[in-house]
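Encoded as structure tokens, the structure appears first; notes follow it.
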Amino acid sequence: MAGPARRRAQSPRELATIIDLVRYAVSRFRAAKLVIAHGTTDPVAEAAFLVGEALHLPPEGFDAFSRAHVTARERAAVLKLIERRVRTRKPAAYLVRKSYIQGVPFYVDERVIVPRSYLGEILAGDLFAGDGLVAPAKVLRVLDLCTGSGCLAILAAMHFPEATVDAVDISRDALAVARINVRDHGLQSRVRLLRGDLYAPVGAERYDLILANPPYVDAPGMAALPPECRHEPRRAFAAGRDGLRFIRRIIEEAPRHLAPAGGLLCEVGRGRGAVERAFAKTRFLWLDTEESAGEVFWLEAKDLR
């Protein structure tokens with residue numbers, strides 16, 4: 001007696017609609033055990049992002065088009081992209097040259113880490129609301145350290161419309177990408193890109209707000225990086241044995257660059273314990289986001305004296 005019939009594999013020609021392609025991508029991503037950690041949080045969100053970008057659909061309008069049929073050429077292009085994601089393990093943002101933070105699009109390529117900072121959510125949250133700890137109208141000068149693609153500098157310029165922003169990175173390649181994003185968002189007159197090591201390019205200037213999303217991965221973390229992250233610039237992750245090579249300097253040198261009522265907002269990943277041990281006498285305010293707990297701290301200038 002013959003055994004149970006095997007389930008017939010679905011032919012690519014049967015993928016008629018956009019939602020069909022998303023479902024197919026989810027199946028491929030789950031079967032390949034891809035790591036989803038570059039601006040999306042799960043295989044469904046990753047698939048929707050990749051399919052939507054391949055078809056040039058605005059994220060906010062994806063649901064409205066999800067049942068629409070695709071042409072044979074569109075289907076072939078999407079399937080090719082899905083297979084590249086599986087085969088190369090490259091972050092999806094590199095494949096489509098785009099990433100979003102707080103709904104704002106940014107150009108990205110392999111010269112920069114894929115932007116995925118929790119600071120974007122915090123900038124748009126209660127901390128900088130009218131009745132928060134910092135009144136947006138009082139933020140007139142912002143410094144963004146380790147700017148990478150320039151995304152946080154641009155979001156800061158958008159959130160603080162009266163502010164000018166200095167964005168610093170040591171990488172020429174990163175600044176070239178940041179320059180594209182500053183131009184694309186029409187902020188050349190308000191965002192200044194500077195090359196150098198942390199505070200070095202700004203001399204003795206002081207700021208109402210310092211943003212920092214520096215490298216913070218410790219030695220064990222570097223050894224365990226998934227394949228997706230190994231496509232990104234190593235220097236954007238590696239921060240020495242304890243992960244504090246840059247964070248330590250950012251905190252120690254911040255008092256010389258903060259205005260009297262200013263503050264430092266810094267992302268440290270899973271380094272909270274190491275930070276608190278290194279600065280045992282400092283009173284950190286740890287901030288949570290929708291996807292994180294205790295990975296970002298806020299320090300006011302008065303707490304750093």
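What follows is calculated from the coordinates using simple rules that are stated; it is not laboratory data. All values derive from a computational prediction rather than experimental measurement. In this analysis, Cβ positions are derived from the backbone assuming ideal geometry, glycine residues included, and neighbour counts consider all displayed protein chains.
Can you return the lysines within cross-link range of residue 138? Criterion is Cα-Cα under 22 Å, with same-chain partners fewer than 8 residues away left out.
Candidates past the 8-residue exclusion: 302.
Counting other beta carbons within 10 Å of each residue's own, what order do 205, 290, 46 fall into, fewest first?
Lowest to highest Cβ neighbour count: 290, 205, 46.
Top mean-square fluctuation among 133, 211, 21, Gaussian network model of the chain, C-alpha springs under 10 Å?
So, out of 133, 211, 21, the one fluctuating most is 133.
Counting helices only, and only those DSSP H runs with n ≥ 4, report the 222 nm mean residue ellipticity of the chain as the sum of -39,500 (n - 2.57) divided by its residues, in deg cm²/dmol to the nearest 500.
After summing the helix terms and dividing by the residues of the chain, the value is -9000 deg cm²/dmol.
Which whole-percent values make up P(r) of the range 31-149 when all C-alpha to C-alpha distances are grouped in 10 Å steps starting at zero?
11, 37, 29, 16, 7, 0
Students often forget the sequence filter, so: which lysines lie under 28 Å Cα-Cα from residue 80 once same-chain residues fewer than 8 apart are removed?
Answer for residue 80, where 28 Å is the Cα cut-off: 33, 90, 98, listed by chain and number.
Compute the Cα gyration tensor for the range 176-305, then decide on rounded, prolate or oblate, letting a ≥ b ≥ c be the square roots of its eigenvalues: rounded whenever a/c is under 1.5, prolate when a/b is larger than b/c in the other cases, and oblate in all that remain.
Taking the square roots of the gyration eigenvalues as a ≥ b ≥ c, the range 176-305 is oblate.
Based only on other Cβ atoms within 10 Å, what is the fewest-to-most ordering of 40, 147, 282?
Fewest-to-most Cβ neighbours within 10 Å comes out as 282, 40, 147.
Provide, for q = 0.06, 0.07, 0.09, 0.11 Å⁻¹, the log10 of I(q)/I(0) from a solvent-free Debye sum over equal Cα point scatterers in the chain.
-0.23, -0.31, -0.49, -0.71
With springs connecting C-alpha atoms under 10 Å apart, model the chain as a Gaussian network and identify which of 243, 271, 186 has the largest mean-square fluctuation.
186
Using 0.36 nm times the number of residues separating residue 23 and residue 138, minus their current alpha carbon distance, what extension gain do you get?
36.7 nm
Measure nothing but the geometry: give the 0 to 90° angle between the long axis through the Cα atoms of 72-88 and the longest principal axis through the Cα atoms of the chain, rounded to 10°.
60
Mind listing the phi-derived Karplus ³J(HN,Hα) values for the range 245-253, rounded to whole Hz, using 6.51, -1.76 and 1.60 with θ = phi - 60°, and x for any glycine or proline?
3, 9, 4, 4, 5, 4, 5, 5, 8
Fewest Cβ neighbours within 10 Å first, please rank 298, 286 accordingly.
286, 298
How big is the antiparallel share of DSSP beta bridges in the chain, given as a percent to the nearest 5?
Roughly 40 percent of the beta bridges in the chain run antiparallel, per DSSP.
How large is the convex hull of the C-alpha atoms of the range 12-96 per residue, in Å³?
82
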